[in-house]
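What follows is a single structure, written as structure tokens, with notes after it.
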Amino acid sequence: MGDRWYQEAVVYCLDIDTFADSNDDGVGDIRGLIGRLDYLARLGVTCLWLHPIHPSPRRDGGYDVTDFYNVDPRLGTLGDFAELLHQAQNLGIRVIIDLVVNHTSDEHPWFQAARSSPDSPYRDWYVWSDKEPPDRHQGMVFPGEQTETWSYDRTAKAWFYHRFYNFQPDLNVANPEVRAEIKKIVSFWLQLGVSGFRMDAVPFIIELTEPGNPDSPKDMDFLTELRQYVQWRRGDAVLLAEANVEPDMLPTYFGDSGGSANRIHMLFDFMLNGRLMLALARRDPEPVIEALRDTPALPVGGQWATFLRNHDEIDLSRLTAEQRNQVYEQFGPDEDMRLYGRGIRRRLASMLGNDRRRIELAYALQFSLRGTPVLRYGEEIGMGEDLSLPGREAIRTPMQWSYKENGGFSTADPEKLVRPVVDKGEYGYQKVNVTAQRRDPRSLLGWFERMIRTLREAPEIGSGTTSHIDVAMPPGVLAHRADGPTGTMVFLHNLGTEDVEVDLSLLATEADLPIDVLTDRNYEEVGKLDSLKLAGYGYRWIRIRRDREL
């Protein structure tokens, strides 16, 4: 792995409270996660991304924090967390955590002090207006669940700003004291041993909110300032940001206008995610080709994080209304499968009708595209969702480990579980669990292990350059390549249903004993690359050459 470890990482994201329960109280905990680290190591995970771990009233899944310097007691102690970092390091797994500093819980001592008096030293830690702002009903993140972004506080006798729910008042990043506190929070967890942070809602963190101005300016310099601070504290720490913004704004999150990579290391690729979903829905690779062509040039060291599913709904807001409806028709036909008028609250396996061929194809494609792949817990065994749960909770059900009651997640009474385990239908734990798939070498879990091992032998994907191979292709087929100092890989993915034959003989002069390294089935030898057969929903990862000097 190169010096920029994040470029060749495999990131696995999870909620501790739904992963593994060690003390039978119905809530997953840090000790339970420690007991499952061997599973993650065998899967091939090199970086663990943990969703919010801090004390919280949990009115928004832990994103309403009351103490940034501690661990939610339901999950364990700081001592448990230190042990997690130690044991993960022993297995070669780094840990990054959510940094949720756009806002706090309204129960946080800072906000309680701020609202108590205009003279409170914490008053200016939040964003206030003496008069009702004219844009009070604009800019909601959760349409249908939010009606305003400014709320009146009777104790404070003023309006406070909240980009999210009204129990999550926004911090005032224009205040130097708040900026200094964010750096202290970062320093605390870096000192404890985390390898970085996934920064939540970055465009809102840097927003210098002005009452009555729905398009308030953004302080990009704070990202430069934070990056510099993080690197001085731990040179190999990484910042992974959530910033679903317009394409022309994306480069500014990586670095300044001079071309330096002096801000965020990695950004989630929301544009590619939407295009991937559209391509899968249409069985046509053209949206992915467009995404690859339209990708902004990144500064050296900048990296995309690719994903198919994460902890939220699939966000289709960057697609047109027509494109969005095409994806809805295929993957979210029922109204209760959709969320906020822009997304789908389902797992990938159920979206693809539990078709093993399409599941493999989708993840083979994601993991072969430029960037660092991020995998949501349970996707490796094909878990489904529970649409009877509200909102995003549908895809946040407990991990299914075995045939035991509660899927082996916990021995607590089912009614005491943090969330119900999926226990009915084709995605119930009786049919979908780790134990069953561990016994079957042809299982989806076994396939993920093989695919990730293959990925880690192809560093060109993460740290090299990726480009579309622009030659005539049969309908439904995407051909692309990854080039780097270690060699060249070529990838064929057939999003269509028909068997096809592909001619890539133009690459023959570059080839040095080309060979298949990952396929959906056994194919004839690669040969001269002029007659490459590919099944419907098939894929071939081909090693074209390897630099023997490395």
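The values are calculated or read from the model by the stated rules, or taken from the named source; none is laboratory data. What you are looking at is a predicted structure, and each value in this text was computed from that prediction instead of being measured. Reconstructed Cβ throughout: ideal geometry from the backbone, glycine too, with neighbour counts over all protein chains shown. In case anyone asks, the SASA skips ligands and DNA or RNA and just uses the protein heavy atoms, side chains included. Shrake-Rupley method; radii C 1.70, N 1.55, O 1.52, S 1.80 Å.
Each Lys and Arg Cβ is given +1 and each Asp and Glu Cβ -1; about its Cα centre, the chain then shows a dipole of about 980 debye.
Sorting the segments 422-432, 92-102 by their residues' average number of neighbouring beta-carbon atoms within 10 angstrom, most packed first, yields 92-102, 422-432.
When the alpha carbon coordinates of segment 110-225 are projected onto the principal axes, the ranges are 43, 32, 25 Å, largest first. Taking chymotrypsin sites (Phe, Trp or Tyr not before Pro) across segment 328-425, the ones in a DSSP loop with at most 15 further Cβ atoms lying within 10 angstrom of their Cβ are Tyr403.
The alpha-carbon positions of segment 358-481 define a convex hull whose volume is 148 Å³ per residue.
What dipole magnitude, in Debye to the nearest 20, does segment 31-164 give about its Cα centre under +1 on Lys/Arg Cβ and -1 on Asp/Glu Cβ? Let's see the in-between values first.
On the way: 14 positive and 18 negative charges, 57 e Å.
Value, rounded to 20: 280 debye.
Total lysine pairs in the chain at Cα distances under 25 Å, for residues eight or more apart or on different chains: 9. The charge dipole of segment 1-40, taken about the Cα centre with unit charges on the Cβ atoms of Lys, Arg (+1) and Asp, Glu (-1), comes to about 200 debye, rounded to the nearest 20. Filter the trypsin sites (Lys or Arg not before Pro) in segment 136-179 to those in DSSP coil with at most 13 other Cβ atoms within 10 Å of their Cβ, and list the result. The qualifying sites are Arg154, Lys157.
Here the relative contact order of segment 1-121, from alpha carbon pairs under 8 Å that lie six or more residues apart, stands at 24 percent. For segment 479-544, trypsin sites (Lys or Arg not before Pro) meeting the loop criterion (DSSP other than H, G, I, E, B) and having at most 12 other Cβ atoms within 10 Å: Arg521. If you take the Cα centroid of segment 129-155 and the Cα centroid of segment 330-347, the two points sit 26 Å apart.
Net charge within 9 Å of Ser317 by Cβ-Cβ distance, Lys/Arg positive one each and Asp/Glu negative one each, not counting Ser317 itself? Local net charge: +2. Computed over the alpha-carbon pairs of the chain, the distance histogram in 10 Å steps reads 3, 17, 28, 28, 16, 6, 1, 0 percent, short to long. Shown for the chain: the carbon plus sulfur share of the solvent-accessible area, taken with all protein chains present and a 1.4 angstrom probe, equals 46%. The slack between Arg42 and Asp530, meaning 0.36 nm per residue of separation minus the straight C-alpha distance, is 172.0 nm.
Considering only DSSP beta bridges whose two residues both sit in the chain, what percent are antiparallel, to the nearest 5?
Details: 40 of 66 bridges.
For the chain, the DSSP antiparallel bridge percentage is about 60.
Solvent-accessible surface of the chain, averaged per residue with a 1.4 angstrom probe and all protein chains in place: 39 square angstrom.
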